[in-house]
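Each remark here refers to the structure printed beneath this line.
The values are calculated or read from the model by the stated rules, or taken from the named source; none is laboratory data. The shown structure was predicted, so the numbers you read here are calculated from the model rather than taken from an experiment. Positions of Cβ are generated from backbone atoms using ideal geometry, with glycine treated the same way; all protein chains shown enter the neighbour counts.
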Amino acid sequence: MCELKVILKGKTIMEDVVRITADKDAIKLQSLLGESKTIKGKIVDINLTKQEAIIEG
């Protein structure tokens, strides 16, 4: 599987993310275990090789 680590301002805010939904300036993250979190910002980079998503906000 391909779970991502989500990074905001240089800090990991969530791990094992399997779904990212962007809507204007809000981003909803959902983990493999069903945890969800909504944050403000924009997606800057998604790197599947490193398994991370960088968000700026």
Is there a residue being β-branched (Val, Ile, Thr) and loosely packed, with under 12 Cβ neighbours inside 10 Å anywhere in the range 22-37?
no
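Collect the residues in the range 1-19 that are among the hydrophobic types (A, V, I, L, M, F, W, C) and either surrounded by 12 or more Cβ atoms within 10 Å (Cβ to Cβ) or modelled with pLDDT of 95 or more (or both), keeping them in residue-number order.
Within the range 1-19, LEU4, VAL6, ILE7, LEU8, ILE13, MET14, VAL17, VAL18 qualify.
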Could you list, in sequence order, the residues of the range 40-57 that are part of a strand (DSSP E or B), farther than 14 Å from GLU15 by Cα and touching a Lys or Arg at 6+ places or on another chain (Cβ under 8 Å)?
GLU56
Answer residue from the range 20-37, given it is out of contact with any Lys or Arg (no Cβ under 6 Å at 6 or more places or on another chain) and within 14 Å of LYS5 (Cβ to Cβ) and is modelled with the lowest pLDDT among those:
LEU32
